[in-house]
Amino acid sequence: MPIQTGNPATPPAGGAGRLDDEARARSLSPTMLVFKRFVRNRLAVVGTVMLAAMFVFSFVGGIVSPYKQEQTFYKTGAVWKEYASLSVNAEFRYSVDPGRDLPTAARAQFILAMNAGKPDFSAGGLDYRWEEIGEDLRALYGSTEIAVGLPLAGAYTFTAAPGADFPDGLAAAASDALGAGLDAFEWDGGRYALARSGKRATVSALVEIALASARVFDAFTPKDEPAVAEYAFRRAALFAIAGGADTFSYDGRTFTVGAEGETSVVHEISPDGERTEFAMLSPYIAQGVTPDIRVTVAFKDAILDAVRAREGSFSYPDPDGADREYQLSSPKPDTYTVKRETLTQLYDVEARPSAAHWLGTDSNGMDMLTRLMHGGRISLMVGFIVVLIELFIGVVVGGVAGYFGGIVDLCLMRFIDLFNSVPQWPLLIIMGSVMDTLEIDPYARIYLLMVVLGILGWTGIARVVRGQILTLREQDFMVAAEAAGIRVSARIFRHLVPNVMPLLIVQATLSLGGIILTEATLSFLGMGLKYPLASWGTIINAATSIYTMTNFWYLWIPAGMLILITVLGFNFVGDGLRDAFDPKMKR
Amino acid sequence: MENRGGEEDLPVIADYFEETYAAYSGDAAAYWETEQADGTDVLETARVAFIAEQSPLDAGAAEGGVPNIAGIKKIDQYTIEVTTAGYEAPAIYSILGIPISPLRYYGDPALYDYDDNQFGHPYGDLSIVESKTSHPVGAGPYKFLSYENRTVYYEANEHFYKGEPLTKYLQFKETLNSEVAPGVMTATVDAGEMNGNKSNYALVAGYNSGGEVTGDVITTISVDNLGYGYIGLNAESVSVGGEPFSDASKYLRKALATVLAVYRDVAVDTYYGDAANIINYPISNTSWAAPRTTDEGYKLAFSVGVDGADLYTSDMKSEDKYAAAIEAARQYLIAAGYTFDEGTGLFTAAPEGAKLEYEIIIGGAGIGDHPSFGVLTDASAALATLGVTLKINDPADTNVMWNELDAGTQELWCAAWQSTIDPDMYQIYHSSNIVGLGGSDSNHYHIALPELDQLIIDARKSDDQAYRKAVYKQALDLIVDAAVEIPVYQRQNARLFSTQRIDIPTLTPDITTYYGWGADIETIVMSANK
Amino acid sequence: MWKFIARRALLAVFIIVFGSLICYAVIRMLPSSYVERVARQRSTMPGSPGYQVILAQLTERYGMDRSILSGFGVWGANALRGQWGNSWFFDVPVTRKFADVIGYSIALNIITLFLEMGLCVPMGIAAARKQYGRTDYAVTVIALACVSLPVFFLATLLKYVFSIKLGWLDLYGVVGRYYQQLDAFGKLKDMAVHMIMPVATLTLANLGGLTRFTRTNMLEVLNADYIRTARAKGLPERVVISRHAFRNTLIPLITYMSYLLPGLFSGSMITETLFQIPGIGYISYQAMTGGDIPFAMFYATFLTVLTQVSLMTADILYAAVDPRVRVQ
């Protein structure tokens, strides 16, 4: 059927001023009409361009971008890390004879026995005994019972333990010691302990296992370290100190030991009388955090100086001569942590825009631009599809309800009410946890999410459509349509609904922005997108604090702008469509 | 049976023992299988059960009741002596944790006569106390006035034993975590506590004109958090051949643990910088029993290979460390019985009882909001290069994680422990507390080592701190060797105070993890009132 | 007319009952219920008998062991008698907790509503009158910008500008620090000052909707024939708009407003959390998602009743406003 095109005042196309049938017969289909009017509307075109730009940005950009959306980027930064630690030694440290073994269980029992004042203790089925040699020196022995003695008229008769060797000379020495009331005695180069319980006396053979000292050994030069670690050396040194001697010898070498305050310094005297510093005993222990770090005596002294001066930091030259800063802190009394600036790998979080990252990186170290592109795919898809679902269901239900009125209207409206009384949040939580349990693929979750959002949102549209149709239903053009015998469905959807279009378009536009943001809130609460997938909404949500908002504009402004452009574009297109459909428009 | 002068014969412990013995036909093993065994002796167990069962049946006891408890004695106005049956280290804190309540409020001073066994209320009738449930008042420095408008209102308590607080009114306002620092800056609040991470410190430093965390606007005092974050491995579900503590199983867990442990640094350094410590033993650094770097035998967590050699040196670059860790893991897995294909560089088969894919649950609320999340992502990618899959499960509802922990079906998980003052490990590491065995159900690792159990009991019973420290070091070494826990980090809590409105010198001196800012709250004076 | 109302009321009752049932069923089906949470909490305390034991006790005490229908029946029977029970979370009677918190939400909502209407309707009309003019563009962009940003962003922005940078207002809170010492009028003023930012946030968030709606409606109407007639008759534009145009935009407006009454009683969870306002938004969210059945059911039923009442009113108003509908 021929329809007039545009303003009757303009001459028909093709031929100037001809008014014959040919010219009039040229017609355009309704769709073309709408399209032409739409295209003439500048704003609508702008809106279309904006939308197209968003789609291109998201779908094409995501392919073009060199980075993956969950790719984390690293950078190197300087962090003060623990390098060594110094503490005032309050515990006993053990030097163990190389041929013997002092298990940790025995050490623990030793502490218990020492604090309780009992000389004998046992661990792991073996017996031990400790003796005090000097103020902070204890000797630990393994003790084996070799004989039991019973007194008989002042003298003791001993019965040897099975398998033990108890010569007469030893027995005699034991008797003498018992008579003298001693606890231990020496005989033939070995040490023996005596224990009395009532009348019985037990003789035990002692074997030296370890020395426990509160002093810590440090060698001055690396070449002397093996010697300083030798048990025999330490024994000699410690006994000398405990005995108050000035010199002692070890391995054919001569050493002198002298106290300087709370430390004792051991010097080696070479055959021609030269004194060289050899070792130091002090109450301080310093150790590096990994075994390869060697804490020299000089470094230790530097730390102690800083501690005494109550400094927070000090500097010390590196092996290659350059001075290096160290930080000192005291997390617990008598413990000092030395930190050194080390270059270490860090996540490149919140990096400023640069050539490598045009919009910087987010708070997890991922490229912002790539995430915006991939996020755009999801946001746009979710937004448009949900709007379409909502519109479709809403128009159908609202249209049918509004048109038929009466019982149908009643039922459908009440159905909508029931729908609305379902509490949203619990339902979403249930869905979220069901999806978690079924371990649904993250992308499938998005589709399910869209369906759910659409189903929850159609009621508003239905009501608006119904309300409008209630009014329009009685208008003349509807009466005419009925009189013309047009089918009911055609009447509803081809005549009524297009007149509801303007309102629908407004609703749809507003919903679009809201849906994108609702999806973000749901993802924030864990019911939607799973990390590390992104959408525009979740990107904005990630910049939650005032600090992030004000210091890192690139974390949220781009995403916000993109959403705004999309919503604006959709809005302009909607306006354009509405005007294109309405022949009574001024323009 | 013993006749106590009453009507009927009452049972004594000997009877109870006879009964129990007969019930189990003298089978000690069966008895201990069924009854709760925790290392205490039979007599004590019997006595406790006896009292629990028989005391309600004792006619004489029910009537007038017991006049007083012999073990609780008042010494003077400020001292009470409590005698316990036996020594257990954590018991001290339980007893000392009982709050002190004022008599004149909760009781009736007229009814108080200590020597006559009258303690301020009629016997068996606590209605005076119950009536005050909705108006709790303690013996503290401030009195509760009301809770409205999301603010708790307090007023100074003039009867406080240290003297009436110098600042009359105190309010606690509900605040969002991220708004503590801005709140102090804008004078909405005067003091608060915030998480000690890098961006928070930067925020506070930005407010002070000197650019430091303590300045003219805000004063910051940082203390270690009482607790630490960790990654746990379930010894039963991550094992080889159904034997949780065989060498093969330990190798398997150590392989996973070594890779996870090496990636701790990146995450902690990025988000916390200097403000958090990476810890190496499953105990909080704030505890006195925590091993120090200077202790003998101190090692970084999971820094040793199959052959016992150290993996890392101090000058290694991060990439080198990762490579070393992956190589060590590969060797651990081969030692555990996994089949390695040299051609593809991947593991193709797992031994009996083990798998090539394990799941780790993390409570990130579905959005990866957890400091350890980065560790998991990196470790997962690294293990994938060996053909081993570490699947990360971040459920939206954290209860999913707790449900699995309760059922004992989890494989690996991320969580944090809150420490107590006493380092007693019984609740968490003793085998009787494995989930489902009727104990505390806190042993999520399912660790059951008899040696460890004995050490824990030994340490619990002693009051010698040096001894306990040595025993706990042994216990910690056992736990690390069993590879059931990877301690991750220990962060700080920052206490913020407004320099402008609070007279800072009047604050509690020496604020530490255990001695909070409120300990000397009665001395705080506001600047306006100086 | 009366038959219509009576039938409508009967239906409303039916809706209320079924709506509550659905609500109850959904909350019961939450993956982790209130009793489970409490049991878990209590099982971590020293000396607890273990999670399973506590769970069994609590399930029985809170009646969670009944089936959904019978549980609903019990609740419903009590509700009819006016016994709404005690809130599980807050341990006070449900009605008391509700009364405590609803005041703030209502105040917020009413002020926002007036502000909105005062701003949006004139803006929408102004935009419609000069379609595609500069006013139209400006209004459109502002309205859509407000819709495109999440609520908490608007709130944070306001907080940053007015509290941190300018220092005029407190960062959050519904009362100031000297509230207790003020007299009645001072207290009112204090609260009012603290409500400025929340109200601004809510208004901005809802700006887009009503403005665009009004604009579209006006556009529709302004192009109708009877308006052209009125103009042709020489009526002043002001009369054309207010007397002829506006009335015809009323039906969609009534639809829009029919959710007003229930809307007054619901709160915005995000705004309340951000400004620490003890309103119904956050409380109801907690109750719904945490499985506090007495409170959640009371609130849901309350809202359903209100919705039904306002819908009924809307239906009646349709008939009153549009004579064509009456004929039905």
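Every number here is computed from the coordinates shown, using simple stated rules; none is lab data. Since the model is a prediction, treat every value here as computed from it, not as a measurement. We place every Cβ from the backbone using ideal geometry, glycine too, and count neighbours over all the protein chains shown.
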- Query: Along each of its three principal axes, how wide is the spread of alpha-carbon positions in the stretch B:227-491, in whole angstrom units, largest first?
  - Reply: 58, 43, 39
- Query: Which of the lysines could a cross-linker bridge to A:Lys199, judged by Cα under 28 Å and excluding same-chain residues fewer than eight apart?
  - Reply: A:Lys118
- Query: Relative contact order, percent, of chain A when contacts are C-alpha pairs under 8 Å separated by at least 6 residues?
  - Reply: 18 percent
- Item | Length-normalised contact order of the stretch A:448-521 in % [C-alpha pairs under 8 Å, at least 6 apart] | 39 percent
- Rounded Å value of the spacing that divides the Cα centres of the stretch A:290-333 and the stretch C:163-206: 53 Å
- Please tell me the relative contact order of chain C in percent, rounded to the nearest whole number, where contacts are Cα pairs under 8 Å and at least six residues apart. 26 percent
- Could you run the Karplus curve 6.51 cos²θ - 1.76 cosθ + 1.60 with θ = phi - 60° over the stretch B:481-489 and give me ³J(HN,Hα) per residue in whole Hz, x for Gly and Pro? 5, 6, 6, 10, 8, 10, x, 9, 8
- Cα centroid distance between the stretch A:417-454 and the stretch C:251-311, in Å? 21 Å
- Kindly put B:His121, B:His159, B:His446 in sequence by how many other C-beta atoms sit within 10 Å of each C-beta, fewest to most. B:His159, B:His121, B:His446
- What is the dipole size for the protein assembly as shown, taken about its Cα centre, with +1 at each Lys and Arg Cβ and -1 at each Asp and Glu Cβ, in debye to the nearest 20? 11740 debye
- Message: Checking the table A:Lys81/B:Lys461; B:Lys73/B:Lys132; B:Lys250/B:Lys469 against a 30 Å threshold on Cα-Cα, which pairs fail?
- Response: A:Lys81/B:Lys461
- Query: Taking K and R as +1 and D and E as -1, what net charge do the other residues with C-beta under 14 Å from the C-beta of A:Phe185 add up to?
  - Reply: -2
- Would you work out which of A:Val307, B:Pro244, C:Phe114 lies farthest towards the positive end of the dipole of the protein assembly as shown? Charges go on Cβ: Lys and Arg +1, Asp and Glu -1. C:Phe114
- Ranked from highest to lowest mean number of other Cβ atoms within 10 Å per residue, what is the order of the peptides A:451-462, A:120-131, A:254-265? A:451-462, A:120-131, A:254-265
- What is the helix-to-structure angle for C:51-61, meaning the angle in degrees between its Cα long axis and the longest Cα principal axis of chain C, kept from 0 to 90 and rounded to the nearest 10? 70 degrees
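So for the protein assembly as shown, Kirkwood radius off the Cα pairs, Stokes-Einstein at 4 °C and 1.567 mPa s: how many µm² s⁻¹?
Rounded to a whole number, D works out at 33 µm²/s.
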- Item | Order of A:Arg340, A:Arg200, A:Arg463 - criterion: other Cβ atoms within 10 Å of each residue's Cβ, fewest first | A:Arg200, A:Arg340, A:Arg463
- Note on the structure: Per residue of C:149-162, other chain Cβ atoms within 10 Å number on average 4
- Task: Please report, to one decimal in angstroms, the Kirkwood hydrodynamic radius of the stretch B:258-312 built from all distinct Cα-Cα pairs.
- Result: 12.7 Å
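Return one quarter of the surface area of the convex hull spanned by the alpha-carbon atoms of chain B, equal to its mean projected area, in nm².
For chain B, averaging the hull's shadow over all directions gives 32.1 nm².
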- Task: Give me the Debye-computed log₁₀ of I(q)/I(0) at q = 0.10 Å⁻¹ for chain A, equal point scatterers on Cα only, no solvent, two decimals.
- Result: -1.00
- Expressed as a whole number, the average count of other chain Cβ atoms within 10 Å around the Cβ atoms of A:334-343 is 2
- Cross-link partners among lysines for A:Lys223, C-alpha distance below 24 Å, same-chain residues fewer than 8 apart left out? A:Lys300
- Item | Other-chain or far-sequence residues with amide H under 5 Å of B:Asp503's (modelled H) | B:Val525, B:Met526, B:Ser527
- Task: List the residues whose amide H sits under 5 Å from the amide H of B:Glu193, counting only those 5 or more places along or on another chain, with H placed 1.01 Å from N in the peptide plane.
- Result: B:Leu496
- Rounded, prolate or oblate: which fits the stretch C:51-150 when a ≥ b ≥ c are the square roots of the eigenvalues of the alpha-carbon gyration tensor, with rounded for a/c under 1.5 and prolate only if a/b beats b/c? prolate
- Task: Sum up the charges of everything whose Cβ sits under 13 Å from the Cβ of A:Thr157, counting Lys and Arg as +1 and Asp and Glu as -1, but leave A:Thr157 out.
- Result: +1
- Message: Report the Rg/Rh value for the stretch A:228-363, based on alpha-carbon coordinates and the Kirkwood definition of Rh.
- Response: 1.20
- May I ask for the angle, rounded to the nearest 10°, between helix A:104-116 and the longest principal axis of chain A, with both axes built from Cα atoms and the value confined to 0 to 90°? 60 degrees
- Inter-centroid distance (Cα atoms) of the stretch C:40-104 relative to the stretch B:288-353, Å: 51 Å
- Note on the structure: Whole-Hz Karplus couplings 3J(HN,Hα) for the stretch B:406-415, θ = phi - 60° and coefficients 6.51, -1.76, 1.60, Gly and Pro as x, run 5, 7, x, 9, 6, 9, 10, 7, 10, 7
- the stretch C:95-287: mean projected area of Cα convex hull, nm²: 13.7 nm²
- Task: Give the Rg/Rh ratio for the stretch A:93-213, taking Rg as the radius of gyration of the Cα atoms and Rh as the Kirkwood radius, to two decimals.
- Result: 0.98
- Query: Quick one: what Rg and Dmax do you get for chain C from the alpha carbons, in Å?
  - Reply: 24.8, 88
- Query: A:Lys530: which lysines have alpha carbons under 17 Å from its alpha carbon, excluding same-chain residues fewer than 8 sequence positions away?
  - Reply: A:Lys68, B:Lys391
- Message: Kirkwood hydrodynamic radius, computed over distinct alpha-carbon pairs, for the stretch C:199-315: how many Å, to one decimal?
- Response: 17.2 Å
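Where Rh is the Kirkwood radius over the Cα pairs of the stretch B:191-328, the temperature 25 °C and the viscosity 0.890 mPa s, what D in µm²/s does Stokes-Einstein return?
138 µm²/s
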- Query: Can you give the three extents of the C-alpha atoms in the stretch A:44-127 along their principal axes, from longest to shortest, in whole Å?
  - Reply: 98, 30, 29
- Note on the structure: Sorted by chain and number, the residues with a modelled amide H under 5 Å from that of A:Tyr74, at a separation of 5 or more or across chains, are A:Asp348
- Sorted by mean Cβ packing within 10 Å, highest first, what order do the peptides B:326-337, A:304-315 take? B:326-337, A:304-315
- Message: For chain A, what does the helix formula give at 222 nm: sum of -39500 (n - 2.57) over DSSP H segments with n ≥ 4, over the residue count, nearest 500 deg cm²/dmol?
- Response: -14500 deg cm²/dmol
- Message: Please compute, for peptide A:504-515, the average count of beta-carbon atoms on other protein chains lying within 10 Å of each residue's beta-carbon.
- Response: 4
